[in-house]
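For reference, the structure is listed below as C-alpha cells.
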Amino acid sequence: MADYKDLWQSLNIDLEKHDQLCEVLPKFYSEIYLSQENRPKGMDYFNMVVSEIHGLRIKELDDHRKQGNKVMGSFCVFVPDELALAANVINVGLCAGSDFWHPDGEKYVPQNTCPLVKAAVGAKMGNTCPYFNSCDLLVGETTCDSKKKAWEILDKETDMYVIDLPQMKREKDYESFSDELKLFKEKLEDLSGNEITANKVKESIELVNEKRKALKRLYDLRKNEALPISGKDALLISQIAFYDDPKRFIQMTNELCDELDQRVSNNESVFSKDTKRILVSGTPMAVPNWKLHHVIESSGGAVVCEETCTGSRYFENYVSNEGETLEEQYKNLANRYMGINCACFTPNNGRVDDIIRLYKEHKADGVVYFTLPFCQTYSTEYKLVKEKLDKEGIPVTMIETGYSLEDAGQLKTRLEAFFEVLENR
Ligand code: BJ8
C-alpha cells in the first residue's frame, strides 16, 4: 500500500493504533485467502481492494468530498443506496468485523453487546477506521436494541440520522417505510445541496439493480455441482460490494463470473467431490470476519450460499423501475426493502422459506446457522427455523461465535462432527 499517512492524519486517525491494525491484516489475509489453491484469476482485483483497504477507496472518498460532494456511512441493508446515489452521496457500509475495535467499543457499550455493534462503536470512538472518519453523516436504523442505543452514543460524536424501520409487515408498515424514505430523501438533499429528482432515482435504481444482478450471477454459479469459487472468496466479494465504487464493482464481478462460467463448462471445481456443501444462514459477517467460512472450508466443507445480509439478503429481489414520480418510487423501494427477511421482524416466516429454497437451489447437504453472541433476534429465531428444517429433513447445526479466533479449534471439532453426520445420512 502506498503512503496514506497524510490523508489519515487529515481524517483525525489515531495513527499509532491504526498502524497496529494495518500490521495484522496482511498476515491474516494471506493465511486465510492467499493460501487457497486454484483461485480464479479474477480474484486479483479483490485482493488488490483488500491490500488497499484503507488506501485507494479512502482517497476516492476524499477526492469526492474535495469536489464539494458528501459521503455517508450505514450499517444495515435496509438503508437504500438508491436515494444516496441520486443525491450524488457515496454510501459506504460501516459494520465492523474485528475484535481489534472491541476495547475502544467497551468504553461506551457494555461488554456483553453484539460484537458487530461493539466494533462499530469502537472504530468510530477510537478514531481507528478511516471509513468512519470520511463520513459527513452516519445513517442508522431501528432494527435491534443494541443498534438503537449505539446511535445515541454516536450521535454525540458526529452527525447521525436514524431511519425508523417498522418491525411488522402489514400494509400500514409498508406505507410507513415509504414515508420514512421521503424524510430520508429530504435529509440527503439537505446534506448534499442536491435535489433528488425522479429521473435521478430512476438512474440509481437501474445501477443498484445491476449490482444485485452481478451478485446474483456470482451466487447462481455456486449452484453448480462443480464449484468454481470458494465460499470464502464469494463472501469477500459480497463484503466489498458494500463500499466499492458500484460501477467498477459490477464490471469486475461480471468479469470474474465470465471466468467462472468457463470453469463450470470445463467441470472445474475448487473442492473435491466428497466435500460437504453448506448453506450458512444468520447474522452478517463484516470485514474481516472470515472465521466461520475459513473453519468450514478447512474442515471438509464448502460454503455454497449465505442467507445473510452479507449474502442473499443484500441482493435478492430488484426494485421495480416502473415508477415515474418520486411517490411511486418510494413505494417501489419500500416494496423491495420491506421484503428482506431480517429476524428483527415479527413474524418472520419468510426467512425460513428462503433458507429452504436456497438449500435446495444450491444443492446443500446441511445448514450452519450462524449467530453472533448477544444477538437475541437471530439466536431466538433458531428454534423456529430448526423446527421447520427438521420437518423438511434438512440437517442444521447452530454456531454462536464472535470475532476472536480463540474458539477456532473448538469450532473445527464441532463442524467435523456435523459433516460426519451428513456423510452418514
Ligand atoms: S437486516 S441482520 S444488517 S439488522 S447481529 S446488530 S441484528 S444484535 S446486523 Fe443486521 Fe440489518 Fe438485520 Fe441485516 Fe443487531 Fe443482531 Fe448484532 Fe445485527
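Taking GluC sites (Glu not before Pro) across the range 1-62, the ones in a DSSP loop with at most 11 further Cβ atoms lying within 10 angstrom of their Cβ are Glu37.
About its Cα centre, how strong a charge dipole does the range 5-192 have in debye, to the nearest 20, once Lys and Arg get +1 and Asp and Glu get -1 at the Cβ?
Details: 23 positive and 33 negative charges, 36 e Å.
Computed about the Cα centre, the dipole is about 180 debye.
The dipole here belongs to the chain: it is taken about the Cα centre, uses +1 on the Cβ of Lys and Arg and -1 on the Cβ of Asp and Glu, and is about 760 debye. When each of the peptides 186-196, 250-260 is scored by the mean number of other C-beta atoms lying within 10 Å of its residues, the order from highest to lowest reads 250-260, 186-196. Residue separation of Asn254 and Asn321 scaled by 0.36 nm, minus their Cα-Cα distance, works out to 21.9 nm of gained length.
Carbon-plus-sulfur fraction of the accessible area of the chain, 1.4 Å probe, in percent?
Values: 8600 of 17710 Å².
Solvent-exposed carbon and sulfur of the chain make up 49 percent of the total.
DSSP loop (so not H, G, I, E, B), at most 11 other Cβ within 10 Å: list which GluC sites (Glu not before Pro) in the range 376-425 pass both filters.
Values: sites: Glu381, Glu387, Glu392, Glu400, Glu406, Glu416, Glu420, Glu423; in loops: Glu406.
Passing sites in the range 376-425 are Glu406.
Taking amide H as placed 1.01 Å from N in the peptide plane, the amide H of Leu227 sits under 5 Å from that of Val270, Phe271, each at least 5 places away or on another chain. Straight-line cross-link reach from Lys232 at under 22 Å between alpha-carbon atoms covers these lysines, not counting any fewer than eight positions away in the same chain: Lys27, Lys41, Lys211, Lys213, Lys216, Lys223, Lys273, Lys276, Lys291, Lys360, Lys363, Lys412. Given the Cα atoms of the chain, and with Rh set as the inverse mean 1/r over their pairs in the Kirkwood sense, what is Rg to Rh to two decimals? A ratio of 0.94.
The eigenvalues of the Cα gyration tensor, multiplied by 5 and square-rooted, give the range 5-192 an equivalent ellipsoid with semi-axes of 29, 20, 19 Å from largest to smallest.
Where does the chain land at 222 nm, in deg cm²/dmol rounded to the nearest 500, when only DSSP H runs of n ≥ 4 count, each adding -39500 (n - 2.57), divided by all residues? Working shown, then result.
Numbers: 19 runs with 223 residues, N = 425.
After summing the helix terms and dividing by residue count, I get -16000 deg cm²/dmol.
Using a Cα-Cα cut-off of under 16 Å, which lysines could be cross-linked to Lys172, ignoring same-chain neighbours fewer than 8 residues away? List returned: Lys182, Lys331.
Pick out, in residue order, every one of the trypsin sites (Lys or Arg not before Pro) in the range 297-374 that is DSSP loop and has at most 16 other C-beta atoms within 10 Å; say none if there are none. Intermediate results must be reported in sequence, preceding the final value.
Values: sites: Arg313, Lys331, Arg336, Arg351, Arg357, Lys360, Lys363; in loops: Lys363.
Here the trypsin sites (Lys or Arg not before Pro) that fit, given the DSSP loop and packing criteria, are Lys363.
Here the extension length gained between Glu361 and Lys247 equals 38.2 nm, from 0.36 nm per residue of separation less the Cα-Cα distance.
If I take R0 = 25 Å and measure r between the Cβ atoms of Glu37 and Asp220 in this structure, what FRET efficiency does the formula 1/(1 + (r/R0)^6) give, to the nearest 0.05? Kindly include the intermediate steps, with their values, before the conclusion.
Working: r = 24 Å, r/R0 = 0.95.
Result of the calculation: an efficiency of 0.60.
An oblate overall shape is assigned to the range 40-121, the ratio a/c of its alpha-carbon gyration tensor axes (a ≥ b ≥ c) being 1.5 or greater and a/b not exceeding b/c.
Straight-distance candidates among the aspartates and glutamates for linking to Lys66, with alpha-carbon spacing under 20 Å and chain neighbours fewer than 8 residues away dropped: Asp3, Asp6, Asp136, Asp159, Glu189, Asp190, Glu195, Asp244, Asp245. With 0.36 nm allotted per residue and the present C-alpha distance subtracted, the Glu423-Glu60 stretch has 125.8 nm of extension available. Scalar couplings 3J(HN,Hα) for the range 196-205, obtained by applying the Karplus form with A = 6.51, B = -1.76, C = 1.60 to θ = phi - 60°, are 8, 9, 4, 5, 5, 5, 4, 4, 6, 4 Hz; x denotes Gly and Pro.
Along each principal axis, taking the top coordinate minus the bottom one, the Cα set of the range 304-372 gives 46, 25, 19 Å in descending order. Over the Cα atoms of the range 214-322, Rg to Rh with Kirkwood Rh, two decimal places? Value, to two decimals: 0.96.
Surface exposure of the chain, expressed per residue as accessible area with a 1.4 Å probe, stands at 42 Å².
The values are calculated or read from the model by the stated rules, or taken from the named source; none is laboratory data. Since the model is a prediction, treat every value here as computed from it, not as a measurement. Ideal geometry is used to build each Cβ from the backbone, glycine not excepted, and the neighbour counts take in all protein chains shown. Please note that ligands, DNA and RNA were not included when accessible areas were found on the heavy atoms of the full protein model with its side chains. Shrake-Rupley method; radii C 1.70, N 1.55, O 1.52, S 1.80 Å.
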